[in-house]
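Engineer: Let me give you the structure first, and then I'll get to my questions.
The values are calculated or read from the model by the stated rules, or taken from the named source; none is laboratory data. What you see is a predicted model, and the numbers here were worked out from it, not measured in a lab. As a convention, Cβ positions derive from the backbone with ideal geometry for all residues, glycine included, and neighbour counts pool all protein chains shown. Note: accessible area is taken over every heavy atom of the protein model, side chains too, but ligands, DNA and RNA are not part of it. Shrake-Rupley method; radii C 1.70, N 1.55, O 1.52, S 1.80 Å.
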Amino acid sequence: MSLTDVSADTTPFFSDDNEGEGPTDNGVGSPQPEEEESASGVSDRRAKVIVVVLCYINLLNYMDRFTVAGVLPDIEQFFSISDGKSGLLQTVFICSYMILAPLFGYLGDRYNRKYIMCVGIFFWSLVTLASSFIGKEHFWALLLTRGLVGVGEASYSTIAPTIIADLFVKEMRTNMLSIFYFAIPVGSGLGYIVGSKVNDVAGDWHWALRVCLQHQTSHCLSVSGFVLSTFGFTTVAFVTGSLALWAPAFLFRAGVFTGEKQPCLKAPCDNSDSVLFGIITVVTGILGVTSGVQVSKKLRTRTPRADPLVCAAGLLLAAPFLYLSIMFAQASTVATYVFIFLGETFLSMNWAVVADILLYVVIPTRRSTAEAFQIVLSHLLGDAVSPYLIGVVSDSIKKSDSYMWDFRSLQMSLLLCSFVAVVGGAFFLATALFIEKDRHLAENYVPSGEQIEPVLEQ
């Protein structure tokens, strides 16, 4: 097999038995230029339809993930739980997600990915429905069901990006991945908005979960650049995981502390901050992902290290704005939201670019495994631990049971996010030192004594 053979990278996903064979080098002529962007053998229109479907499911994925954060004050009041226990809601989900990701990555590299995803999404929907019927004496059951939701999400999130990678190449691949990763901030923001608004209308936070359910049912991993970029992405997960769960609650407590809001003494609580934070998450996600991709494209004409440099810049710029948003919370609500907007915009510059780094430094037949490895590490040290850690630190700082200390303790614990963002920027700067060599090795990799097997099943 020649070094330029792309058959292992381009086998179609949704294909019939008599279609989907990519162009092969049979020694007669050379491939036509226009086939480069559709080397999978799937028509351009069909490939884009597949991306739309995958993006829609990813949107629902993140809506479901952050609906709980959108109604967190109501959940805390319903179950009468502390900040530490509230943080566990996100932690158990992420732990399940990261533990199962390697399994689905392994299966995705070897079996039919369409069926793996369908089974996972069906299970995810059933568990989400079950979680919406839990009574106030059974908080443990809510933790259990949130953990089981990770089964379905792991089956999808591990596999979907590699399908897009198999359908497109070069610039088109980057564009499609950027569209796919728009679903992260947009879905997250809609989770806050839909969850809080449904809670307001129904007067019961359980219905927020049921609304999301209705939508649901309808190489070598030792590469230095890959490992360093994964650690960098871990810090992104840490910060976003902390903000995803705690930002609306923090803004609510700031309002109570300053006298702008009334304490939550009975449901439904004032969730207006969840709506505003959700809108900011959607807008900043779109701006951040778009600007990250565009800046990276322009910078690539000057340096092959553009991608990790853009990721580093995003984190290093996000850190001071996140710090300011936390410290200004008791002084100016407007300033707080402005700084959150800027911080989240810079933070969101990483999503699509990090995914692209993984896909070009890892050989095609190990991309699902690499995706799973990145999911495990980034969530294990990132958003699996950060919501719980922030909650525990908040509880440990709190000196008395008062509205002032409810606010102050959470404020101090959230400052950890700015420090972690700076560490992440350093990891991406280190990634830039190795990215050229690792990309060259992946592009020229040929397994000894055997042909690369197609990464997607018929």
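Engineer: Name, by its number, the condition in (1) under 30 Å from Lys266 (Cα atoms); (2) assigned to a helix (DSSP H, G or I); (3) open to solvent by 10 Å² or more (accessible area, probe 1.4 Å) that does not hold for Gly135.
Structural biologist: So Gly135 meets the others, but not (2).
Engineer: Which one of Gly191, Gly255 is open to solvent by less than 10 Å² (accessible area, probe 1.4 Å), within 14 Å of Val71 (Cα to Cα) and at pLDDT below 90?
Structural biologist: Gly191
Engineer: For the stretch 374-436, please list each of the helices (runs of 4 or more DSSP H) lying entirely inside it that holds at least 1 residues being charged (D, E, K, R).
Structural biologist: In the stretch 374-436, 386-397, 403-414 are the helices (runs of 4 or more DSSP H) which contain 1 or more residues that are charged (D, E, K, R).
Engineer: Please determine, by comparing only the residues of the stretch 326-346 that are of a type in the set (Gly, Ala, Ser) and outside any helix (DSSP H, G or I), which one is least open to solvent (accessible area, probe 1.4 Å).
Structural biologist: Ala329
Engineer: Okay, next question. Could you tell me whether Leu88 is out of contact with any strand residue (DSSP E or B) (no Cβ under 9 Å at 6 or more places or on another chain), open to solvent by less than 10 Å² (accessible area, probe 1.4 Å) and closer than 18 Å to Glu137 by Cα?
Structural biologist: no
Engineer: Please verify whether the stretch 139-156 includes one or more residues that are over 17 Å from the mean Cα position of the chain (by Cα), among the hydroxyl-bearing types (Ser, Thr, Tyr) and either at positive phi or modelled with pLDDT of 85 or more (or both).
Structural biologist: Yes, because at least one residue in the stretch 139-156 is over 17 Å from the mean Cα position of the chain (by Cα), among the hydroxyl-bearing types (Ser, Thr, Tyr) and either at positive phi or modelled with pLDDT of 85 or more (or both).
Engineer: How many residues, within the stretch 377-393, are surrounded by 21 or more Cβ atoms within 10 Å (Cβ to Cβ) and closer than 19 Å to Ile159 by Cβ?
Structural biologist: Going through the stretch 377-393 one residue at a time, the tally reaches 2.
Engineer: Tally up the residues in the stretch 120-132 that are over 20 Å from Ile159 (Cβ atoms) and either of a type in the set (Ser, Thr, Tyr) or surrounded by 19 or more Cβ atoms within 10 Å (Cβ to Cβ) (or both), please.
Structural biologist: 2
Engineer: Sort through Met404, Met349 and tell me the only one that's modelled with pLDDT of 80 or more and surrounded by fewer than 24 Cβ atoms within 10 Å (Cβ to Cβ).
Structural biologist: Exactly one of Met404, Met349 is modelled with pLDDT of 80 or more and surrounded by fewer than 24 Cβ atoms within 10 Å (Cβ to Cβ), namely Met404.
Engineer: Another question about this same structure. For the stretch 45-85, which residues satisfy the criterion of being part of a helix (DSSP H, G or I), open to solvent by 20 Å² or more (accessible area, probe 1.4 Å) and aliphatic (A, V, I, L, M)?
Structural biologist: Val49, Val52, Val53, Ile57, Leu59
Engineer: Here's something else I'd like to know. Suppose we keep only residues that are part of a helix (DSSP H, G or I) and hydroxyl-bearing (Ser, Thr, Tyr) within the stretch 274-325. Which one would you say is farthest from Gly232 (Cα to Cα)?
Structural biologist: Ser274
Engineer: Test Ser274 against the criterion of being over 25 Å from Phe78 (Cα atoms) and in contact with a helix residue (DSSP H, G or I) (Cβ under 6 Å, 6 or more places away or on another chain), and give yes or no.
Structural biologist: no
Engineer: Among the residues that make up the stretch 114-126, is at least one of them modelled with pLDDT under 80, among the charged types (D, E, K, R) and assigned to a helix (DSSP H, G or I)?
Structural biologist: For the stretch 114-126, residues modelled with pLDDT under 80, among the charged types (D, E, K, R) and assigned to a helix (DSSP H, G or I): present.
Engineer: For the stretch 425-444, does any single residue satisfy the condition of being under 30 Å from Asp83 (Cα atoms) and open to solvent by 10 Å² or more (accessible area, probe 1.4 Å)?
Structural biologist: Among the residues of the stretch 425-444, not one is under 30 Å from Asp83 (Cα atoms) and open to solvent by 10 Å² or more (accessible area, probe 1.4 Å), which makes the answer no.
Engineer: Looking at Lys48, Lys136, which is the one that is of a type in the set (D, E, K, R) and under 24 Å from Gly285 (Cβ atoms)?
Structural biologist: Step by step, each of Lys48, Lys136 is checked, and only Lys48 is of a type in the set (D, E, K, R) and under 24 Å from Gly285 (Cβ atoms).
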